[in-house]
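For reference, the structure is listed below as structure tokens.
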Amino acid sequence: MDHFAYFPQTEGDIKAMLERIGVNSLDDLYSDVPGEFMFKGEYDLPDALSETEVRSFFEDLAEKNVPLKIFAGAGAYDHYSPSVVQNIISRSEFLTAYTPYQCEISQGTLRYIFEYQSIICALTGMDVSNASMYDGPTAAAEAMMLCMASTKKKTRVLLSDGLLPHVVKTVETYAKYHGIEIGHAPVMNGQTCINCLKAELSKGDVAGVILPSINRFGIVEDHSGFGEAIHGAKALMVEYCDPSALAVVKSPAEWGADIAVGDGQPLGIPVCFGGPYVGFMAAKKDYLRKLPGRIVGQTVDREGKRSYVLTLQAREQHIRREKATSNICSNQSLMALYVTVYASLMGPEGLRKVNELSSAGAHYLYNRLLSTGKFEEVFPNKPFLKEFVLKPLIPIADLQKKLKDNGFFGALATEEGFVSFAVTEKRTPEEIDALVKVVEE
């Protein structure tokens, strides 16, 4: 047992288990595997290290990371997160919690999931929210599936060309393997084109339309008339949203949407090499039974005390696989808790302040960059919140390298040859001035 130093089973334990299942040795467990597939050499593993040596090794690795001031967005935003959030979610009862199968011993987990759902419903204006999805793009893909399941004899789902590229790619991947045809609604002058959309809807085969609340150019879209056009064609309207921005822009419900999806990352979750994320999905009550994942409900126990239960569980872990609406097996509940703690700490006023500061910084940077003479406006007079695009008059690769060399991450390139910048409440006027100085040089 020396080479399994951290396994708790003794030789006697192993012998008893082997006798119970009727084999003589651990090797017998692999008797069905052909010999040519069994590795017979020595593993090329490094020698064991002491704790001090391990810490030193990872500290040396960490020093290779060069922290940059983030002036980029594209779906992941560097918002401030109060230190208490990390402290709360690191408590062992939260950090180690998994699926709340037994409601009688999972009241804490069920309660915060219920509160997460309530917060998402408050932000989106929708009747019901699940808890929760892997990330925003897969939530959009699940919304596509819900559109198909909720309409009859429809074969297509339309995507706005204003959606983020990784959202489009994810939805297209899901569509390919479910036999769903994807159509596109073009963007005209920085806004999803409603006349182009109506032309596609008139073909009568559209099950749903996915639109960005704020598009990939950072523009807050005006969806007046979209709901009427989409519903008139007996299709569903899906809005892809930044939940932080929903504190100050029109909600999906106000635009007449049936489903709201997006990523909860802007609600305080730190940007960290591609994760973690937490997708949200909310809908009108008509689609309650078609939502993937699970929904926690509030009730009372036999003593009349408030309690929580898994009301709907439409995933394959709970019901027969062929009846499941989706095969999502993890609900990202730790990240749902993160969003819940953040939103409860910030409250409506705090979220409004986050957006006010972000917007003020973004507009300040926008004007300063134009004043350098090295950019041109792309969509003048179009409303934006914390993100925008400009047309650079200098090579994009040179601009990106110069910014990176001076400690800034920004100027993400779009397929049209524009560059995008994002500013959150974490960016100070001094940092913005320093970035502009780099551009001027």
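The numbers here are math on the coordinates, done by the rules we state, and not lab data. This one's a predicted model, so the numbers in the text were calculated from it and none came from an experiment. Cβ coordinates were reconstructed from backbone atoms using ideal geometry, including for glycine residues, and neighbour counts include every protein chain displayed.
Key figures for this structure:
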| item | result |
| --- | --- |
| Rounded to whole Hz, the Karplus (6.51, -1.76, 1.60) HN-Hα couplings of region 203-219, x for glycine and proline | 6, x, 10, 8, 8, x, 10, 9, 10, x, 5, 10, 8, 5, 8, x, 7 |
| Net charge over other residues, Cβ less than 13 angstrom from the Cβ of V296 (K, R count +1; D, E count -1) | +2 |
| Per DSSP, loop chymotrypsin sites (Phe, Trp or Tyr not before Pro) in region 246-284 with at most 14 further Cβ within 10 Å | F273 |
| Least to most buried among R216, R302, R294 (fewest other Cβ within 10 Å first) | R302, R294, R216 |
| Exposure proxy ranking, count of Cβ atoms within 10 Å, fewest first, for K153, K15, K284 | K153, K15, K284 |
| Most mobile of A235, A282, A199 in a GNM of the chain (Cα contacts under 10 Å) | A199 |
| Given charges at Cβ of Lys, Arg, Asp, Glu: region 2-59 dipole, positive-most of F37, Q9, I21 | I21 |
| Per-selection metrics, region 366-441 (Cα): Rg and Dmax in Å | 11.7, 33 |
| log10 of Debye I(q)/I(0), alpha-carbon scatterers only, for the chain at 0.14 Å⁻¹ | -1.28 |
| Over region 2-59: Kirkwood hydrodynamic radius from C-alpha pairwise inverse distances, Å | 15.0 |
| Loop trypsin sites (Lys or Arg not before Pro), region 33-139 (other Cβ atoms within 10 Å of the site Cβ: 15 or fewer; DSSP) | K40, K64, R91 |
| Long-range amide H partners of F71 with built H, under 5 Å | F409, G410 |
| Computed log₁₀ I(q)/I(0) - Debye formula, equal Cα scatterers, no solvent, region 1-137, q 0.10, 0.15 Å⁻¹ | -0.84, -1.10 |
| Residues with amide H under 5 Å from that of G208, placed H, sequence gap 5 or more | L158, L236 |
| Rg over Rh [alpha-carbon atoms, Kirkwood Rh] for region 83-342 | 0.98 |
| Estimated vicinal HN-Hα couplings, Hz - region 421-429 in sequence order (Karplus 6.51, -1.76, 1.60; Gly, Pro = x) | 10, 10, 10, 10, 5, 6, 7, 8, x |
| Region 146-285: Lys pairs at Cα distance under 17 angstrom, eight or more positions apart or on different chains | 12 |
| Residue exposure sequence - I210, I394, I89 - by fewest surrounding Cβ within 10 Å | I394, I89, I210 |
